[in-house]
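> One structure, as structure tokens, below. Some questions next.
Every number here is computed from the coordinates shown, using simple stated rules; none is lab data. Computed from a predicted structure; not experimentally measured. Methodologically, a virtual Cβ is constructed for each residue, glycine included, from the backbone with ideal geometry; neighbour enumeration extends over all protein chains shown.
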Amino acid sequence: AAGVIQSPRHLIKEKRETATLKCYPIPRHDTVYWYQQGPGQDPQFLISFYEKMQSDKGSIPDRFSAQQFSDYHSELNMSSLELGDSALYFCASSLDWDKGATIYFGEGSWLTVV
Amino acid sequence: GDSVTQMEGPVTLSEEAFLTINCTYTATGYPSLFWYVQYPGEGLQLLLKATKADDKGSNKGFEATYRKETTSFHLEKGSVQVSDSAVYFCALTGAGGTSYGKLTFGQGTILTVHP
């Protein structure tokens with residue numbers, strides 16, 4: 001079965017650079033979520049989109065932005081990168097209309113800021 | 001706000017031992033509860049879930065029962081294997097009008113199983 005696809009899997013950037021992460025949800029899933037997991041930390045919710053509109057916002061820095069496109073894929077843009085942005089970034093997807101729906105995570109994108 | 005508290009780890013067991021990882025939560029309303037597992041270098045995989053009180057989630061020999069009276073969702077397995085070594089996260093969502101999918105995770109419990 002198709003899963004949530006994230007790219008790139010690994011990314012190395014320098015401080016103050018910009019990075020873009022992409023997420024392709026499971027087909028027919030209409031909701032996408034982004035999470036950030038720092039080293040040894042639990043995942044923290046950043047932002048979510050339902051039907052291409054932002055549906056919820058968590059602890060996402062102002063330097064970060066995200067959107068969901070007409071084909072439901074999503075991109076997380078991170079500017080003015082800081083060392084503390086080094087983390088594993090997860091994308092997840094689900095069918096929002098069903099409260100009991102399973103939330104599926106991608107394998108994550110490792111961002112290292114040097 | 002919503003929160004999830006897991007037993008402090010790490011947990012080290014011998015193969016075939018009984019496993020319990022405690023999880024308690026604080027939330028308004030009626031959250032859905034989950035256990036996710038993260039194997040070394042990999043992403044988060046849903047292990048099991050329960051969406052209402054007294055529901056029992058089960059998968060791959062793991063079980064957890066949604067106990068509203070004690071606000072708990074403890075993970076158990078009768079006989080662990082070396083391949084179960086991973087980090088286990090308890091999580092909740094959907095409580096009090098929160099956008100479903102905005103998961104609140106516990107701090108994670110590292111499980112190591114020795115042969």
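> Sorting B:3, A:86, B:32 on the 10 Å Cβ count, fewest up front, what's the list?
Arranged by neighbour count, lowest to highest, B:3, A:86, B:32 become B:3, A:86, B:32.
> Normalised by the residues of chain A, what does the relative contact order come to in percent, with Cα pairs under 8 Å and at least six apart?
It rounds to 37 percent for chain A.
> Of the listed pairs B:56/B:102; A:22/B:77; A:13/B:49; A:57/B:56; A:52/B:52; A:13/A:52, which have alpha-carbon separations greater than 26 Å here?
Distance filter (> 26 Å) returns A:22/B:77; A:13/B:49; A:57/B:56; A:52/B:52; A:13/A:52.
> When a footprinting reagent is the concern and you count Cβ atoms within 10 Å, what order do B:54, A:62, B:84 take, fewest first?
Ascending number of Cβ neighbours within 10 Å: A:62, B:54, B:84.
> Mean separation of Cα pairs under 8 Å and 6+ residues apart, divided by the residue count of region B:1-68: what relative contact order is that in percent?
On the way: 90 pairs, mean separation 14.4, N = 68.
Once normalised by length, the contact order is 21 percent.
> Would you compute the Debye intensity of chain B from its alpha-carbon atoms alone, equal scatterers and no solvent, and pass along log10 I(q)/I(0) at q = 0.13, 0.15, 0.17, 0.19 Å⁻¹ to two decimals?
-0.45, -0.59, -0.76, -0.93
> If I take the Cα coordinates of chain A and project them onto the principal axes, what are the three extents in Å, biggest first?
For chain A, the Cα extents along the three principal axes come out at 40, 25, 23 Å.
> HN-Hα J couplings of region B:103-115 from phi, Karplus 6.51/-1.76/1.60, θ = phi - 60°, integer Hz, Gly and Pro as x?
With coefficients 6.51, -1.76 and 1.60, one gets 6, 9, 9, x, 7, x, 10, 7, 10, 10, 10, 9, x Hz.
> Moving on. Most exposed first by the Cβ proxy, i.e. fewest other Cβ within 10 Å, how do B:93, B:28 rank?
Result, fewest neighbours first: B:28, B:93.
> How much length, in nm to one decimal, is gained on full extension between residue B:56 and residue B:70, taken as 0.36 nm per residue of separation minus their Cα-Cα distance? Kindly include the intermediate steps, with their values, before the conclusion.
Values: separation 14, 0.36 × 14 = 5.04 nm, distance 1.47 nm.
Result for the pair: 3.6 nm of gain on full extension.
> A follow-up question, please. Ratio of alpha-carbon Rg to the 2.2 N^0.38 Å globular estimate for region B:8-76, to two decimals, please.
Dividing the Cα Rg of region B:8-76 by 2.2 N^0.38 Å gives 1.16.
> Another one. Between residue A:112 and residue A:67, what's the calculated FRET efficiency when r is the beta-carbon distance and R0 is 30 Å? Round to 0.05. The partial results should precede the final answer.
Numbers: r = 24 Å, r/R0 = 0.80.
Working from the Cβ atoms, E equals 0.80.
> Test of understanding: what is the full-extension gain from residue A:16 to residue A:80, defined as 0.36 nm times their sequence separation minus their Cα-Cα distance?
Here the segment from residue A:16 to residue A:80 would lengthen by 22.7 nm.
> Right, something else. I'd like the distance between the alpha-carbon centres of region B:44-86 and region A:16-45, rounded to an integer number of Å.
Their Cα centres are 25 Å away from one another.
> What percent do you get for the relative contact order of chain B when only Cα pairs under 8 Å and 6+ apart count? Numbers along the way, then the final one.
Details: 306 pairs, mean separation 41.8, N = 115.
The normalised contact order for chain B reaches 36 percent.
> Apply the Karplus curve 6.51 cos²θ - 1.76 cosθ + 1.60, θ = phi - 60°, to the phi angles in region B:70-83 and return the couplings in whole Hz, x for Gly and Pro.
10, 6, 10, 8, 6, 8, 9, 8, x, 8, 7, 10, 4, 5
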